[in-house]
1. Mind telling me which of the residues A:74, A:82 ends up being at pLDDT below 90, under 18 Å from residue B:100 (Cβ atoms), in contact with a strand residue (DSSP E or B) (Cβ under 6 Å, 6 or more places away or on another chain) and assigned by TED's automatic domain parsing to the domain that holds residue A:133?
2. Just checking, does the range B:201-211 include any residue being touching a residue at least 12 places away in the same chain (Cβ under 8 Å), assigned to a helix (DSSP H, G or I) and under 15 Å from the mean Cα position of the chain (by Cα)?
3. If we keep just the residues of the range B:223-235 that are surrounded by fewer than 16 Cβ atoms within 10 Å (Cβ to Cβ) and assigned to a helix (DSSP H, G or I), which is nearest to the other protein chains (Cβ to nearest Cβ)?
4. Filter the range B:32-60 down to the residues that are closer than 30 Å to residue B:83 by Cβ and touching a residue at least 24 places away in the same chain (Cβ under 8 Å) and list them by number.
5. When you check residue B:63 against the structure, is it surrounded by fewer than 17 Cβ atoms within 10 Å (Cβ to Cβ), within 30 Å of residue B:102 (Cα to Cα) and either at pLDDT 90 or above or within 14 Å of another protein chain (Cβ to nearest Cβ) (or both), yes or no?
6. For the range A:87-97, which residues satisfy the criterion of being out of contact with any strand residue (DSSP E or B) (no Cβ under 7 Å at 6 or more places or on another chain), more than 7 Å from chain B (Cβ to nearest Cβ) and more than 16 Å from residue A:148 (Cβ to Cβ)?
7. Of the residues B:107, B:113, B:96, which single one is touching a residue at least 12 places away in the same chain (Cβ under 8 Å) and crowded, with 17+ Cβ neighbours inside 10 Å?
8. Return the total of residues in the range B:116-140 being more than 15 Å from residue B:28 (Cα to Cα) and surrounded by fewer than 20 Cβ atoms within 10 Å (Cβ to Cβ).
């Protein structure tokens, strides 16, 4: 069962189409990275998923239930952090969580537990307004996970965190995922998403241009292989005949485009069969950032 | 988790009671009554001793207290109601409010009940302070004659009618605070309406302006009027009307 399912979700403001036929399929217990440029429709999607924008078409299903019909019940199972963290400035860190405890009735230990999880226990008596930006972000995450939700919807959760904070939060998300939580997150830090996401959705101009597993996305593009050989000219000729696009030949080095692991194995085999000595091989996979830019460019013609 | 009005009320109470604006509306009128009683004592000492006054509850304590109340209370109520909405405006906290597992209807009515209960307690404290001040003055200066008049009924109805008036004003201010995010508009409108209501207080149409009720509280105590009038009935209707308008505006607030 999908944790989040949308069926041709569309949204307009006036005559302007913000989202067009979005069919999100976020698998249960996965970590789904939602990517898109500024203004692509990410935040609108997230607000719709949380019921902060009205979807009259009954196109959103969370944990198998229609959001339109089971709004409050769904909110009990979903934690969220949208754009900037929300918290009550006049309350302390502890009081902000106590406020949620009154609603969710999780008990006193849960507050301490969550404060430990986000490493805010030393700041619990501080007014939320007096926290640093990174600490505020941690408080936002603490408020999102307080009620032990099955699904976390996080919009830019790593904003304002220092490198150590980013690593800690990444580990926290992994830990929550291992406990069986589904995490839907958008982030501009693509390298972080690449490290953590199991599934990726890419939106551009209000339309989904890719949705699938991270491996499916990374497998869509070729990788560059740099080979240092005893005879670069012969190697280049051989590989060209074998159908590999040669990108560059330079001294004893040949740079080739390789599609997948089978092609890579075939490349090595043909060099060895022709008794061309291989001194070194480096494989440069394209990272998520390059793939993202390529996909956006091709979507825009 | 319980999606009940009671849970919503407990959470609202917890959050809002940690706001200084709330304590202002609760305590300032009470402190003011005691301050006026202190001023009366100071004046007596400075003028060489007390002299007998016909009905000092009305002419002395009531006149001073309600002269302040009719100007102070509506402004305090406007500030307090705005403070209750402002906690959600800051940081765009409506995002918290509308993603907790409690229905918007429960959240709205818990806020409304909290506002009305705070007003009720504020007036109860002020009412108690008023009676206590009169009693203390009667003990300190028996010559003034506080003990010679039983004015409790008029005082009770004056405070009751003031509660109705302030509840109507609170609901109007709630609608304005939900409509305008900026502090200027709800507070500005309340000040304008207060000044306007004093100017037109003698006109018959002023019965339909709840802000007139604050000024009328002073007139009620001076004229010993303890009956419900058209203004009071109109104010009860205004409470319901503006509560419904506020409910509609609150529902629309969820649409970011």
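The values are calculated or read from the model by the stated rules, or taken from the named source; none is laboratory data. A quick note: this is a predicted structure, and the numbers were derived from the prediction, not measured. Because the Cβ atoms are built from the backbone with ideal geometry, glycine has one as well, and the counts that use them run over all protein chains shown.
1. Being at pLDDT below 90, under 18 Å from residue B:100 (Cβ atoms), in contact with a strand residue (DSSP E or B) (Cβ under 6 Å, 6 or more places away or on another chain) and assigned by TED's automatic domain parsing to the domain that holds residue A:133 holds for just one of A:74, A:82, which is A:82.
2. Taking every residue of the range B:201-211 in turn, none turns out to be touching a residue at least 12 places away in the same chain (Cβ under 8 Å), assigned to a helix (DSSP H, G or I) and under 15 Å from the mean Cα position of the chain (by Cα).
3. Out of the qualifying residues, it is B:233.
4. B:32, B:33, B:34, B:36, B:37, B:39
5. Values: surrounded by fewer than 17 Cβ atoms within 10 Å (Cβ to Cβ): yes; within 30 Å of residue B:102 (Cα to Cα): no; either at pLDDT 90 or above or within 14 Å of another protein chain (Cβ to nearest Cβ) (or both): yes.
So residue B:63 does not fit the description; no.
6. The answer is A:93, A:94, A:96.
7. Numbers: B:113 fails: crowded, with 17+ Cβ neighbours inside 10 Å; B:96 fails: touching a residue at least 12 places away in the same chain (Cβ under 8 Å).
Testing whether each residue is touching a residue at least 12 places away in the same chain (Cβ under 8 Å) and crowded, with 17+ Cβ neighbours inside 10 Å leaves just B:107.
8. 9
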